[in-house]
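Undergrad: My questions will all concern the structure given below.
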Amino acid sequence: MKNDLIRFDWAMKRLLRNKADYVILEGFLSELMQEDITIDSILESEGNQETASDKFNRVDILVKNQKGEYVIIEVQNQLEYNYFQRMLYGTSKVLTEYISVGEAYHHVKKIYSVNIVYFDLGQGADYVYHGKTNFKGIYQNDALELSGKQKVFLGEEKTPSDLFPEYYIIKVNQFDDVARNTLDEWIYYFKNNEIKDNFKAKGLEQAKEILKVDKMSKSEQVSYKKHIVNLMEEASRERTLEMDAIIKEREIGQEIGEKKKAIETSKNLLKLNLTIEQIAESTGLSIEEVKEIADTM
């Protein structure tokens with residue numbers, strides 16, 4: 001069976017918070033960030049509390065790694081136009097919640113925001129984006145670096161960008177299903193709920209065993225199927241609204257075109273000295289509209 005694995009958002013919500021299964025999230029983060037990530041703990045996050053509007057549309061999880069850094073992983077299923085602001089709010093919220101009042105600023109920890117979205121966020125040709133904060137000189141075009149004393153205080157290898165939040169965006173639906181590397185193997189799973197036998201990415205071997213649908217209890221399978229139906233219904237609703245907007249736009253455009261044509265016809269008939277009433281009856285315009293046209297000639 002091809003699609004016999006649990007969707008990643010459901011796995012994050014129901015399964016991957018168990019310490020024994022950290023290896024799956026660790027594998028994904030390691031492939032994304034290109035370094036070996038070890039999860040110290042999973043903390044309370046906004047997505048732990050289900051709300052009526054978000055119960056199937058999104059899920060997030062807050063991870064603390066072995067360095068004491070924070071990683072927000074969020075899956076968003078439906079289009080949200082202000083999603084960039086939401087990403088910024090998410091990192092800001094973690095930043096303020098996990099530093100005690102009165103603590104020195106050097107206790108502020110690095111935050112990563114990992115966003116797996118099933119819609120075309122922004123406009124771009126790629127399907128994986130990485131955002132960092134860099135400081136560049138306006139006049140000298142140089143990169144701002146830490147001073148010698150700052151490096152002693154913060155670490156020799158640090159740069160200013162290392163101190164600010166970093167953002168990853170994976171646009172799942174823009175992926176072309178060709179796994180060119182191990183990160184692509186993870187994205188293939190996100191899109192198709194399938195892990196191929198030749199995939200070698202960290203964490204996928206464990207995911208293939210742990211995230212099988214048939215390993216869930218009967219009650220869990222019922223809940224999971226309901227989740228999938230909810231996603232399908234929401235996607236259908238969004239598509240219907242989108243099509244309604246397109247049709248409405250076309251209708252408005254057609255009405256405008258017909259109006260312009262009626263105005264031009266009225267002008268021609270006025271030149272032929274037809275009466276206001278005759279022109280109104282012929283073009284479908286009101287008598288007041290024809291009078292306004294006549295006044296401009």
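Undergrad: Determine the alpha carbon to alpha carbon distance for each of 171/218; 93/151; 64/158; 136/158; 271/291; 196/226 and list only those over 24 Å.
TA: Values: 171/218 32 Å; 93/151 27 Å; 64/158 20 Å; 136/158 16 Å; 271/291 13 Å; 196/226 26 Å.
The answer is 171/218; 93/151; 196/226.
Undergrad: Normalised radius of gyration for region 1-40, please: alpha carbon Rg relative to 2.2 N^0.38 Å, two decimal places. Can you show the working numbers first?
TA: On the way: Rg = 11.4 Å, N = 40, 2.2 N^0.38 = 8.9 Å.
Against the empirical 2.2 N^0.38 Å value, I get 1.27 for region 1-40.
Undergrad: Provide the FRET efficiency to the nearest 0.05 for the residue 151-residue 206 pair, computing r from the beta carbons and using R0 = 30 Å. It would help to have the intermediate numbers written out before the result.
TA: On the way: r = 39 Å, r/R0 = 1.29.
After rounding to 0.05, the efficiency reads 0.20.
Undergrad: Take 60, 177, 40 and order them by how many other Cβ atoms sit within 10 Å, fewest up front.
TA: Working: 60 21, 177 9, 40 13.
Starting with the residue having the fewest Cβ neighbours, the order is 177, 40, 60.
Undergrad: Nearest-5 percent of antiparallel DSSP beta bridges in the chain?
TA: Details: 17 of 30 bridges.
Roughly 55 percent of the beta bridges in the chain run antiparallel, per DSSP.
Undergrad: Also, quick follow-up: Using per-residue counts of other Cβ atoms within 10 Å, averaged over each peptide, order 106-113, 201-208, 157-164 from highest down.
TA: Working: 106-113: 15.8, 201-208: 20.2, 157-164: 14.2.
Ranked by mean Cβ neighbours within 10 Å, highest first: 201-208, 106-113, 157-164.
Undergrad: Now a separate question. Please give the helix 22-33 orientation as an angle from the longest Cα principal axis of the chain, in degrees from 0 to 90, rounded to the nearest 10.
TA: The answer is roughly 60 degrees.
Undergrad: Additional query: Can you give the translational diffusion coefficient of the chain in µm²/s, computed by Stokes-Einstein from the Kirkwood radius over Cα pairs at 10 °C and 1.306 mPa s? Write down the numbers at each step before the final one.
TA: Details: Rh = 23.5 Å.
Using the Kirkwood radius from Cα pairs, D works out to 68 µm²/s.
Undergrad: Report the charge-dipole magnitude of the chain in Debye, nearest 20, computed about the Cα centre from +1 at each Lys and Arg Cβ and -1 at each Asp and Glu Cβ.
TA: The dipole magnitude comes to about 560 debye.
Undergrad: Another one. Quick one: dipole size for region 235-296, taken about the Cα centre, charges +1 on Lys/Arg Cβ and -1 on Asp/Glu Cβ, in debye to the nearest 20. It would help to have the intermediate numbers written out before the result.
TA: On the way: 10 positive and 14 negative charges, 45 e Å.
Dipole size: approximately 220 debye.
Undergrad: Next up: Enter the per residue convex hull volume of region 98-200, computed from alpha-carbon coordinates, in Å³ rounded to the nearest integer. Don't skip to the end; give the middle numbers.
TA: Details: hull volume 19.7 nm³, N = 103.
Dividing the Cα hull volume of region 98-200 by its residues yields 191 Å³.
Undergrad: If you don't mind, there's one more thing I want to ask. I need to check one value: relative contact order of the chain, counting alpha carbon pairs closer than 8 Å and at least 6 residues apart, in percent. If you can, show how the numbers build up before the last one.
TA: On the way: 360 pairs, mean separation 52.5, N = 297.
Across the chain, relative contact order equals 18 percent.
Undergrad: Sticking with this structure for a sec: Residue by residue through region 176-182, what is 3J(HN,Hα) from phi via Karplus (6.51 cos²θ - 1.76 cosθ + 1.60, θ = phi - 60°)? Round to whole Hz and write x for glycine and proline.
TA: Listing the rounded values in order: 8, 6, 9, 7, 8, 7, 6 Hz.
Undergrad: Of the listed peptides 273-285, 63-75, 252-264, what is their order by residue-averaged count of other C-beta atoms within 10 Å, with the highest listed first?
TA: On the way: 273-285: 15.3, 63-75: 19.3, 252-264: 11.8.
Descending packing order for the listed peptides: 63-75, 273-285, 252-264.
Undergrad: What distance in nm separates the simple spin-label points at residue 271 and residue 143, each placed 7 Å from Cα in the Cβ direction?
TA: Here the modelled spin labels are 6.8 nm apart.
Undergrad: Per residue, what volume in Å³ does the convex hull of the Cα atoms of region 235-296 enclose?
TA: Numbers: hull volume 4.9 nm³, N = 62.
Per-residue hull volume (Cα only) is 80 Å³.
Undergrad: Then there's this: When only Cα pairs under 8 Å and 6 or more residues apart are kept, what is the percent relative contact order across region 104-161? Mind showing how you got there, number by number?
TA: Values: 25 pairs, mean separation 16.1, N = 58.
Value for region 104-161: 28 percent.
Values in this text are rule-based calculations from the coordinates and carry no lab data. Keep in mind that what you see is a predicted model, and the values were worked out from it rather than measured. Cβ atoms come from the backbone with ideal geometry, glycine included; neighbour counts cover every protein chain shown.
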